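The next block holds one structure in the form of structure tokens; read it before the comments.
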Amino acid sequence: ARGLRPSAVVSRAILLGHVFGSPGPASLRARDSRGTVPVRFLKKLLRETGFDPRKDLRVGVDGGVRSWLKLGHSPDLAVGDWDSLRDRRALRAIPSVSLPVDKGASDLFFACREAIARGAGEIVCSGFTGGRLDQQLGVLFDLAAVSELCPVLLRDPGLEVHFLSGANPQWLARLPIG
């Protein structure tokens with residue numbers, strides 16, 4: 001892994017991925033015709049979560065590097081095996097962690113671990129659902145494991161998952177009631 005540029009203290013990490021495959025169920029119709037999370041959704045997510053480019057660690061998970069670039073931000077870190085990043089030239093200017101294709105967990109899991117190692121006390125993820133069921137289940141299981149280390153929020157069109165853990169009960173006070 002190449003080093004990150006010096007920055008302010010990291011409070012949380014926002015991890016963006018790409019979306020696998022087709023739009024899927026009706027609850028995901030906010031996706032565009034290619035099944036990807038539209039830029040407008042990602043902009044709304046950043047606005048609603050109080051994104052602060054000075055404090056939030058921006059992580060592009062594999063093809064999620066493109067998502068950050070489409071939003072007009074360069075990721076602080078890129079993590080992946082690069083199977084969904086067609087143009088790898090962007091990686092030349094971004095600190096990155098390259099993963100093997102064969103591994104015991106998803107690129108997202110390793111990206112979360114890297115973010116926590118860099119000081120993130122909270123993880124927000126988007127762009128990781130909407131494709132094959134086995135990949136979606138893998139994402140859910142991996143994020144459940146990460147939630148033992150810090151609070152995790154997964155948010156995509158039609159979906160918001162707060163991962164609860166006995167190790168991180170502070171999420172209970174943040175859950176919307178009603």
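If you go through the stretch 129-146 and pick out every residue that is open to solvent by less than 30 Å² (accessible area, probe 1.4 Å) and in a loop (DSSP other than H, G, I, E, B), you end up with 3. Checking each residue in the stretch 149-161 for being open to solvent by 20 Å² or more (accessible area, probe 1.4 Å), modelled with pLDDT of 90 or more and outside any loop (DSSP other than H, G, I, E, B) picks out Arg155, Glu160, Val161. In the stretch 110-128, the qualifying residues are those that are more than 11 Å from the chain's Cα centre (by Cα) and assigned to a loop (DSSP other than H, G, I, E, B), and the one that is farthest from Phe163 (Cα to Cα) is Arg118.
The values are calculated or read from the model by the stated rules, or taken from the named source; none is laboratory data. Note that the coordinates shown come from a computational prediction; the quantities given were computed from them, not determined experimentally. These accessible areas exclude ligands, DNA and RNA; they are computed on the full protein's heavy atoms, side chains included. Shrake-Rupley method; radii C 1.70, N 1.55, O 1.52, S 1.80 Å.
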